[in-house]
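The values are calculated or read from the model by the stated rules, or taken from the named source; none is laboratory data. From a predicted model like this one, the values you see are computed outputs, not experimental measurements. Every residue, glycine among them, receives a Cβ derived from its backbone with ideal geometry; neighbour counts consider all protein chains shown. What goes into the accessible areas is simple: the full protein's heavy atoms, side chains included, and nothing from ligands, DNA or RNA. Shrake-Rupley method; radii C 1.70, N 1.55, O 1.52, S 1.80 Å.
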Protein chains: 2
Amino acid sequence: MKTLDNFSVEELHRFEDEAKKYYGELKSRKVDINMARGKPCAEQLELSTELFDLDLSQCGYKAEDGTDCRNYGLLCGIPECRRLFGEVFGVDPKNVIACGSSSLNLMFDYFSQCYTHGVCGSKPWSQVPGYKIIAVVPGYDRHFAVAQYFGAELVNVKMTADGPDMDAIEELVKDPAVKGMFCVPKYSNPDGITYSDKTVERLASMKTAADDFRVIWDEAYIIHDLYDEKDELSNVFELAKKYGTEDRFVAFASTSKITYPGAGVSAVAASDANIEDIKKRLTVQIISYDKLNQLRHSFLYKNLDDLKAQMAKHAEILRPKFAKMAEVLHKRLGGLGIASWTDPKGGYFISLNVDIGSAKRVGELCRECGVTLTGVGATYPYGNDPDDANIRLAPSCPTVDEIETAAEVICAAVKIAAAEQLLGKGEKE
Amino acid sequence: MKTLDNFSVEELHRFEDEAKKYYGELKSRKVDINMARGKPCAEQLELSTELFDLDLSQCGYKAEDGTDCRNYGLLCGIPECRRLFGEVFGVDPKNVIACGSSSLNLMFDYFSQCYTHGVCGSKPWSQVPGYKIIAVVPGYDRHFAVAQYFGAELVNVKMTADGPDMDAIEELVKDPAVKGMFCVPKYSNPDGITYSDKTVERLASMKTAADDFRVIWDEAYIIHDLYDEKDELSNVFELAKKYGTEDRFVAFASTSKITYPGAGVSAVAASDANIEDIKKRLTVQIISYDKLNQLRHSFLYKNLDDLKAQMAKHAEILRPKFAKMAEVLHKRLGGLGIASWTDPKGGYFISLNVDIGSAKRVGELCRECGVTLTGVGATYPYGNDPDDANIRLAPSCPTVDEIETAAEVICAAVKIAAAEQLLGKGEKE
């Protein structure tokens with residue numbers, strides 16, 4: 001098969017016409033499909049209805065240490081919930097604080113703390129002029145937004161098949177104004193890439209000029225596998241201990257995509273020193289998090305195996321959607337040399353990378369055809385993808401049929417945009 | 001009856017001996033009673049078990065606008081919950097954001113926002129050297145802690161029977177570095193005083209040198225009446241509108257003492273401009289709060305009357321405790337001229353004010369006798385009560401019998417401390 005850049009002008013016109021014709025047909029179907037966010041679908045929401053049927057009076061609404069979860073107390077969460085997350089993170093429960101319903105909220109709060117009060121006694125980041133945060137790109141728009149909200153300058157580092165470009169990072173962290181980075185180390189958002197053992201080890205072992213350099217280790221998809229053959233991520237805390245950098249990493253997770261988005265339990269895992277540092281703030285910020293919701297979750301999920309069994313049910317629903325997306329992308333765009341995409345073994349996203357300079361146009365064409373994608377550019381800080389190449393696809397929420405239709409629209413749009421560009425029409429804007 | 005300052009030395013010695021003898025008897029009972037915090041008792045926790053028996057599948061887990069509460073969405077909370085809190089605050093639902101389980105958390109976050117980002121575009125408080133926050137004393141230790149955490153200098157203003165000393169406040173706010181204050185306007189913590197109409201009006205009408213002066217209006221006990229004859233608080237937002245100061249007040253409340261402490265729903269009420277200002281942060285901080293818990297609460301409490309019916313049940317349990325405390329205080333200390341106390345119509349606390357310089361000694365004597373009080377001094381910033389006079393009593397958690405015993409201990413301690421002081425023994429330390 002000939003790649004598009006080897007097409008003659010005549011062939012390109014024919015290719016464009018065909019794509020436009022197909023696009024027109026799809027448009028006439030009055031499609032309305034939203035693939036913007038990593039939102040579980042209705043079927044997934046039915047997997048956790050047991051949470052509503054629990055009889056917590058069985059244990060007198062008490063945590064295993066006897067604390068009545070209906071009253072104030074236990075700033076760090078109930079023991080069984082800390083233990084559960086300890087298993088998830090692979091750390092001692094004493095290094096876990098079980099919190100409220102949002103891990104984004106926890107990350108925002110932690111960043112805020114670094115900004116106003118520094119890290120374990122360091123100078124507050126707010127007092128470091130031009131302090132910088134490394135943004136792995138493409139990445140998660142909400143991470144960038146947190147750093148931007150607190151005035152950080154974001155410095156892009158490219159994602160590779162092994163995780164972020166470590167050569168670039170090792171160079172950047174020689175600057176003491178570089179204070180930290182956000183990572184989604186397993187099934188990254190949006191690429192679905194899991195950091196290699198070597199990458200994790202380099203993050204743990206590298207020297208940073210800033211003593212108070214912090215990695216916000218967002219384990220959003222830590223057990224969110226799609227297949228039996230899953231990606232394995234090194235235990236960053238174990239590696240960090242080896243290199244004496246255990247204070248560098250602060251990890252976050254939640255049950256948002258295990259039970260209910262925004263109504264589950266979140267947690268933070270960190271070294272003794274970081275936990276103490278966080279508790280100093282928490283003591284002022286809150287009396288105790290919602291222990292009843294922690295109790296509900298701990299009641300249903302006693303250990304990591306229970307959680308994995310739940311995740312297998314999610315995978316059952318999600319797998320055909322990811323497969324359908326991959327199938328159509330392959331069928332329609334394979335071999336044309338105008339786009340590439342990731343085929344993740346877990347997480348919530350697929351990255352579609354289109355010809356340089358045409359992603360916005362693809363987003364536009366999709367929108368006109370009733371398919372809403374994540375705002376093109378959103379996977380880069382300031383919404384600015386310098387290559388205008390990355391599109392995040394979130395296949396969880398629509399049905400398999402909708403995915404198929406959306407994928408067809410996307411592929412038609414990619415073809416049109418590529419032809420336009422090769423024919424020089426993209427230059428107009 | 002002769003007041004203690006008119007006792008002869010001999011009489012004082014006899015008085016002290018008797019108090020000590022009684023104190024010794026109480027001590028031999030091996031009492032262990034905690035009156036430190038405003039914590040609901042076990043019986044109160046039983047009032048909300050209906051929350052666990054709701055069948056939310058009846059409404060398909062959907063809010064009244066059709067939003068599935070099991071998924072992301074509705075940054076500002078579900079409509080019915082915003083409406084419910086709108087009734088509580090006496091404001092339009094559009095001026096309410098229904099949030100997570102802790103109003104302290106909301107106040108901390110709001111203060112943090114003022115500190116890092118200013119107020120509706122003003123200079124961040126962190127950039128105002130020596131910025132000051134008015135502390136109404138005695139007051140709530142957690143309020144002081146928030147302001148202190150963010151580096152504010154706290155300036156004491158005394159509480160009066162009508163609310164804070166408004167003459168002092170009107171003078172202080174002429175200083176542009178005075179940026180705000182915390183208020184518990186109804187059944188204040190710890191005095192149980194409700195601000196008079198005149199006080200609320202003066203707070204609304206006063207001129208402040210700082211354009212970004214903010215009153216954190218903590219409505220912790222807004223419907224927490226003990227008796228049918230209840231205190232009435234003016235609607236601060238209506239008064240503020242009259243004076244064009246509606247941006248000055250940001251109000252907070254939660255169901256912590258309506259349903260479950262730390263596991264209920266909290267909310268913030270504010271002007272359009274403040275709501276927008278808060279939403280700018282929230283958009284970065286969180287995707288959505290726990291709507292399922294909002295739904296549970298809205299399911300059970302459709303309107304303010306439902307909430308009031310629930311509060312009547314709490315009052316039933318709390319009333320005898322407050323009454324017993326007042327009874328013993330009156331019986332043991334009445335007419336001696338060594339202590340005074342408040343007799344609130346609602347809220348969670350009683351203020352006991354003892355002879356100047358003896359509160360710490362009273363706390364010590366109580367502790368030695370197995371009665372834990374709120375740390376003496378905690379009702380003042382930096383734990384420093386310049387008069388060493390105020391003791392906060394929290395009668396909610398112990399049983400009526402325990403209250404009686406604790407009250408006897410407290411009264412014996414007050415008598416001993418007063419006698420010691422009048423006999424000059426207090427000078428020793």
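Things to note:
- Ordered by 1.4 Å accessible area with all protein chains kept, A:K174, A:K2 run largest first as A:K174, A:K2.
- Karplus 3J(HN,Hα) series, Hz, for the stretch B:231-240 with 6.51 cos²θ - 1.76 cosθ + 1.60 (x for Gly, Pro): 6, 10, 10, 4, 6, 5, 6, 5, 5, 4
- Annotation: Cα Rg of chain B relative to the compact-globule expectation 2.2 N^0.38 Å equals 1.04.
- A point 7 Å from Cα along Cα→Cβ stands in for B:S28, and the other copies hold the same point at 10.1 nm, listed in rising order.
- Amide H contacts of B:N34 (H built 1.01 Å from N, under 5 Å, at least 5 apart or other chain): B:T372
- Exposure of B:E229 as accessible area (Å², to 10), given a probe of 1.4 Å and all protein chains: 130 Å²
- Listed residues A:E201, B:E171, A:E87, B:E232 arranged by accessible area, highest first, probe 1.4 Å: B:E232, B:E171, A:E87, A:E201
- Solvent-accessible surface (1.4 angstrom probe) belonging to A:S122, in square angstrom, nearest 10: 30 Å²
- A/B buried area, accessible surface, summed, 1.4 Å probe, Å²: 4300 Å²
- Ranked by how many other beta carbons lie within 10 Å on average, peptides B:387-393, B:341-347 from highest: B:387-393, B:341-347
- Helix B:79-89 and the long axis of chain B differ in direction by around 40°, with both axes built from C-alpha atoms.
- The stretch B:163-228: projected area of the alpha-carbon convex hull, averaged over directions, in nm²: 4.7 nm²
- Computed [θ] at 222 nm, deg cm²/dmol, chain A (DSSP H ≥ 4; -39,500 (n - 2.57); rounded to nearest 500): -12500 deg cm²/dmol
- Square roots of five times the Cα gyration tensor eigenvalues for the stretch A:117-171, Å: 23, 14, 9
- The largest accessible area among B:K302, A:K21, A:K321, B:K415 belongs to the first residue in A:K21, B:K302, B:K415, A:K321, and the rest follow in falling order (1.4 Å probe, all chains).
- 12 Å beta-carbon shell around B:A339, net charge (K/R +1, D/E -1): +1
- Expected-Rg normalisation [2.2 N^0.38 Å, Cα atoms] applied to the protein assembly as shown: 1.06
- Shielding value for A:114-125 is 1, the average number of Cβ atoms from other chains within 10 Å of each residue's Cβ.
- Label-point separation, A:L56 to B:E50 (7 Å along Cα→Cβ), nm: 1.7 nm
- The residues of chain B present an accessible area of 38 Å² per residue when probed at 1.4 Å with all protein chains retained.
- Helix A:9-28 axis versus longest C-alpha principal axis of chain A: approximately 60°, rounded to the nearest ten.
- The long axis of helix B:400-422 is offset from the longest Cα principal axis of chain B by roughly 60 degrees.
- Global form of the stretch B:235-302, assessed from the alpha-carbon gyration tensor, a/c cut-off 1.5: oblate
- Averaging the sequence gap over all C-alpha pairs within less than 8 Å and six or more residues apart, then dividing by the number of residues, gives chain B a relative contact order of 26 percent.
- When the alpha-carbon atoms of the stretch A:372-429 are used, the pair Rg, Dmax equals 13.4, 37 angstrom.
- Percent antiparallel among DSSP beta bridges (both partners in chain B, rounded to 5): 45 percent
- Segments A:269-280, A:140-151 sorted - mean Cβ within 10 Å per residue, highest first: A:140-151, A:269-280
- A:V157 long-range amide H proximity, modeled H, under 5 Å: A:A135, A:V136, A:V137
- Extreme residue, positive dipole direction of the stretch A:344-429, given options A:T372, A:F349, A:I403 (C-beta unit charges): A:F349
- For B:T194, the residues whose modelled amide H falls within less than 5 Å of its own, excluding neighbours fewer than 5 places apart on the same chain, are B:Y187, B:S188.
- Charge tally for B:S196 (other residues, Cβ to Cβ under 11 Å; Lys, Arg +1; Asp, Glu -1): -3.
- The orientation-averaged projected area of the convex hull spanned by the Cα atoms of the stretch A:289-379 comes to 8.9 nm².
- At q = 0.18, 0.27 Å⁻¹ the log10 of I(q)/I(0) for the stretch A:334-410 amounts to -0.74, -1.47, computed by Debye summation with a single uniform scatterer per C-alpha, solvent ignored.
- Semi-axes of the equivalent ellipsoid for the stretch B:6-152, Cα gyration tensor, largest first, Å: 46, 30, 13
- For the residues of A:308-319, the average number of beta carbons from a partner chain within 10 Å of their own beta carbon is 0.
- Copy-to-copy label distances for A:E43, where each label lies 7 Å from Cα along Cα-to-Cβ, are 5.3 nm in order of increasing length.
- With contacts taken as Cα pairs under 8 Å and at least 6 residues apart, the stretch B:73-231 reaches a relative contact order of 18 percent.
- Relative contact order (%) - the stretch B:1-98, alpha-carbon pairs under 8 angstrom, separation at least six: 12 percent
- For the protein assembly as shown, carbon and sulfur atoms together expose 48% of the accessible surface, with a 1.4 angstrom probe and every protein chain in place.
- Across the identical copies, the 7 Å label point of B:Y243, projected outward along Cα→Cβ, sits 5.9 nm from its counterparts, in ascending order.
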